[in-house]
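The values are calculated or read from the model by the stated rules, or taken from the named source; none is laboratory data. Source: prediction; values computed, not measured. Note that we place each Cβ from the backbone using ideal geometry, even for glycine, and neighbour counts take in every protein chain shown.
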Amino acid sequence: MIFGQISEEDPSTYAWFDDMIGQTNSGIFEGVAYTEEFRAINDEHQFFREPYFILGSVVYDGQPYFEVNLRYDVYNDQLSIKNEKSSRLPIMVLDKEKVAEFQIGQHQFKHLSGKEARGNISGFFEILIEKDSLGLFKKHRKKRFKRTDEEVLYYEFKDGYTYYLRRGPDFYVFKKANDLNGIFPKYRKEVKALRNRYASLGKSDTDEYMKSILLDLSALISNQSDKGSL
């Protein structure tokens, strides 16, 4: 993670530099002008968490930028940036292929491609775990519904998601903890025990539930491998 590599440095230094050169003239404001595609009149919108722009960070074309206004369109899998100093093109859709990763609030995302993942996956994925031996990513999705109310056309979007587990170079798609039995067939008993251990967490925070199970299971498998090599 590029953000991790610069975590010990002061992000305000980068923000100060961007402000000094003028973000309007920096490389980050390259992309396609944003146009509103769907009209939403309630909280069931197409964006991640909130429909408005939030201060965040992005690594674009190899360069980290901090304290920029970002908005992630989950439905179209697009990241937009807002430049309040530009009246001509205030909102731009960034070139996805140049976005390595970005962070909105406490949520960090990474751009994964088929080449990296050895499979037919592509787009922005939320990082839940990222280690050399194990990775857990969450693909957020939105399903669109067309509505009419007193001859007014608008859209509603319902949340959905899929988990992607990386073991070495291989990725596995799953939805529920029970699906891990197919990924770890030799550890069905251990998976069941961990599911029971963290059952209460599963009712309140599915992401933390999955993370807890997989981190414990990874440690267990690693310990068994170490013992077997002695």
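Of all residues in region 146-173, those satisfying the criterion of being more than 18 Å from the chain's Cα centre (by Cα), exposed (fewer than 11 other Cβ atoms within 10 Å of the Cβ) and over 21 Å from L128 (Cα atoms) are K146, T148, D149, E150, E151, V152, L153. Across region 195-206, the qualifying residues are those that are crowded, with 16+ Cβ neighbours inside 10 Å and of a type outside the set (A, V, I, L, M), and the one among them that is modelled with the lowest pLDDT is G202.
Close Cβ contacts (under 9 Å, 6 or more residues apart or on different chains) running from residues in region 175-193 that are more than 21 Å from Y161 (Cα to Cα) and free of Cβ contacts under 8 Å to residues at least 40 places away in the same chain to residues that are assigned to a helix (DSSP H, G or I) and small (G, A, S) comprise V191/A177.
Inspection of region 174-194 identifies at least one residue that is modelled with pLDDT of 90 or more, surrounded by 11 or more Cβ atoms within 10 Å (Cβ to Cβ) and part of a strand (DSSP E or B).
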